[in-house]
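The values are calculated or read from the model by the stated rules, or taken from the named source; none is laboratory data. Because the structure is a prediction, the values reported are computed rather than measured. Cβ: placed from backbone, ideal geometry, glycine included. Neighbour counts: every protein chain shown. Quick note on the areas: whole protein, heavy atoms, side chains included, nothing else; ligands and nucleic acids left out. Shrake-Rupley method; radii C 1.70, N 1.55, O 1.52, S 1.80 Å.
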There are 2 protein chains.
Amino acid sequence: MNRRELAIFRKYLERRGLKLTSERQALFDEVFSKHEHVEADELLVRLRTKHKKISRATIYRTLELLVEAGVVGKLRIGEAGYRYERLHAGDHHDHLICDQCGRVIEFFEPRIEALQDEVAVRHGFVLLSHNHQMRGICKRCRPRSKGSGSFGAEAAGPVPVPISSRPRG
Amino acid sequence: MNRRELAIFRKYLERRGLKLTSERQALFDEVFSKHEHVEADELLVRLRTKHKKISRATIYRTLELLVEAGVVGKLRIGEAGYRYERLHAGDHHDHLICDQCGRVIEFFEPRIEALQDEVAVRHGFVLLSHNHQMRGICKRCRPRSKGSGSFGAEAAGPVPVPISSRPRG
DNA sequence: CATGGGATTGCGACTCTGTCTCAATTGAGA
DNA sequence: TCTCAATTGAGACAGAGTCGCAATCCCATG
């Protein structure tokens, strides 16, 4: 249910003397209709095809409000721009992203969270937020056993060199 | 020394039948001249002020080569675009970023790295890379002595910590 | 030394995201 | 009904990065 998050958004608006207009409501509904990581322009398209007259500027402005209200998360996934995801109260997670199919999987690992705090303290940082993405090939895209294996569409080279994972051992 | 990385770059170019032109060498030198997290356009400015005639397109194209060769890292720090950092063989680290002054601090925590692998395995992922940023207020920017506590900010709170305003000497 | 051709470059046009300005509109309360 | 702030849509604008293309460079040959 989105009741709780809608209430939070309402309260947020009220507190700042803002209004819950039909455009804002429509965008809220759209974002909360599915759990996914969506781009601003796609929301525009979706609402437009539902006969909602809404402008790009309003989409961006409203998304910003939702983010500030804390009910929507703004992520950097993919090559350009942001993606948005609905958030539920008390929810926190990080992301695993498939380089092949783009699928986004959420994970939460309390031990990592704890170690982050430790690292921050070690450097005298007051931690406000973090962004933790891991990229690779998901279960579905991975060639099982010896299947097909035809990943490299790259004509020129044996590109797939893992860049930032350090050789551990 | 950059000798090692230059050799890697050379080899990479050679392997693909590409040339180490004076523009590419100049950009390499510039990136490796200091350890920092620099934007493409700043490299352009720097090289131009050094009388190197070089175009924006070449900067971007060459940076891409450096990244593919594995000697330069491409990061998303800050609100827009990318930053680049030189990488040394076997080096891996993640970043702590100060929301106040923009300072970037590197950290490496082997226990987090290990847990990442664990998470990936749990989800059937083959991990290729990751991106882990923690944001907050650094030691220097933090109000000293009595913390005045006002960081926490919750529930529709006025979170707004200034995001930009970079140092730059 | 001249030639040929792929690699490289610079330029400028272009795309993509997102922001901003501003006039018109809305809507809640006086 | 009137007033005035909040809201909206349209389109101009901005920043970052990409692309196409003609000119140029480089280098191996002839």
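Before moving on, here are some points about what is shown:
- Per-residue HN-Hα couplings for the range A:72-82 [Karplus 6.51, -1.76, 1.60; θ = phi - 60°; Hz; x = Gly/Pro]: 9, x, 10, 10, 10, 10, x, 7, 9, x, 10
- FRET E, pair A:Arg10, A:Cys101, Förster distance 45 Å, beta-carbon r, rounded to 0.05: 0.75
- Percentage of interatomic Cα-Cα distances in the range B:34-107 larger than 16 Å: 53
- Test item: A:106-114 mean partner chain Cβ contacts at 10 Å: 4
- At 7 Å out from Cα toward Cβ: A:Ser129 inter-copy label distances (nm, ascending): 2.3
- 7 Å along Cα→Cβ, label-point gaps from A:Glu36 to other copies, nm, shortest first: 4.2
- Label-point spacing for A:Ala89 across the identical copies (point 7 Å from Cα in the Cβ direction), in nm and ascending order: 5.6.
- In this label model, B:Ser55 and A:Glu118 are separated by 5.2 nm, measuring between points 7 Å along each Cα→Cβ vector.
- Partner chain coverage, peptide B:87-94 - average Cβ within 10 angstrom: 2
- Per residue of peptide A:116-123, the mean number of Cβ atoms on other chains within 10 Å of the residue Cβ is 5.
- On association of chains B and A, roughly 4700 Å² of accessible area becomes buried (total for both chains; probe 1.4 Å).
- Share of carbon and sulfur in the accessible area of the range A:94-136 stands at 53%, probe radius 1.4 Å.
- Per-atom-type breakdown for the range A:3-86 gives carbon and sulfur 49% of the accessible area (1.4 Å probe, protein chains only).
- 1.4 Å probe accessible area per residue over the range B:1-91, in Å²: 57
- Estimated vicinal HN-Hα couplings, Hz - the range B:107-118 in sequence order (Karplus 6.51, -1.76, 1.60; Gly, Pro = x): 9, 9, 10, x, 5, 5, 4, 5, 5, 4, 4, 4
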